[in-house]
Amino acid sequence: MYTLLLSISSGILLGFLSFKLITPSYVLSVIIALVTIIVTNIIVGRSMMKKITAIFNNCEKDIKSGKIDVAIEKMKHAYKYSNWQLMVRSQIDAQIGVLLYATKRFDESLPYLTKSSKRNGMAISMLLASYYKSKDFDKMKKLIDVSVKVNKKDSFIQALSAYLYLEIGDRDKAISILNDALKKIPTDERLHNALDSTRNNKKIKMQTYGTLWLQLHLSKSPDGVKQYQTLIGRQKITRR
């Protein structure tokens, strides 16, 4: 990534110059090089993230007014910064995929969701729902194996994973997921309720997760609900 290369190059250059022009000390040169790498990485990284964040903030008005395609085209402008930071492109793809899925453009959303960061709980939950609806249970199970580990403290991902296993008739696996989840987030009341329901051969009440559940379109949404209007507010582009 360009940010890392620029940081390392700057560090090596200043370390070399300090050795030649200030004092021939290897220790001092190494210290100067390391400090330069760290500072340059922080400064350049923050600058890039501000530019990306500004692009996404500019999309909010379009999303709220229903101009989804306009918002998506604006999001794609952020691709030009993807070579500057690790994982940025996968996060942009996640944003686009989430927006397309939330507006029921399921087929269009799939290529973006599959390229999403596994740490983006919203994108992953939609991808799991896509696999479930298309009955691609092998892919669903593989993704659950990864997502429950990566998102250990994401209550919704844990509950959804258990719910999906329960829906395909594997109650033991659903119980196992919920038990493991409660070891990480033991005070989560919704997971406790989900575990009780599963043990008693009842369905998990995913409606307790509100918009997070409704946006998956696995159940009927109340009239007038536009889940996508809250999506950008929930999503964040982060540095990796």
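Listed values for the range 39-44 are Karplus-derived 3J(HN,Hα) couplings in whole Hz (6.51 cos²θ - 1.76 cosθ + 1.60, θ = phi - 60°), namely 5, 4, 4, 5, 5, 5, and x replaces Gly and Pro. Here the Karplus curve 6.51 cos²θ - 1.76 cosθ + 1.60, taken at θ = phi - 60°, turns the phi angles of the range 30-36 into couplings of 5, 4, 4, 4, 5, 4, 5 Hz, with x standing for Gly and Pro. With the convex hull drawn around the C-alpha atoms of the range 86-234, the volume per residue stands at 110 Å³.
What FRET efficiency would be calculated for the residue pair residue 76, residue 203, taking the C-beta separation as r and a Förster radius of 41 Å, to the nearest 0.05? The value I calculate is 0.55.
Here the residues 70, 27, ranked from fewest to most Cβ neighbours within 10 Å of their Cβ, fall in the order 27, 70.
Restricting the calculation to Cα atoms, the range 144-212 yields a radius of gyration followed by a Dmax of 10.5, 28 Å. Per-residue Cβ neighbour counts within 10 Å put 39, 88 in the sequence 39, 88, beginning with the fewest.
Just so you know, all these numbers are worked out from the coordinates, no wet-lab data involved. Just so it is clear, the structure is predicted and the values come from calculations on it, not from any experiment. As a convention, Cβ positions derive from the backbone with ideal geometry for all residues, glycine included, and neighbour counts pool all protein chains shown.
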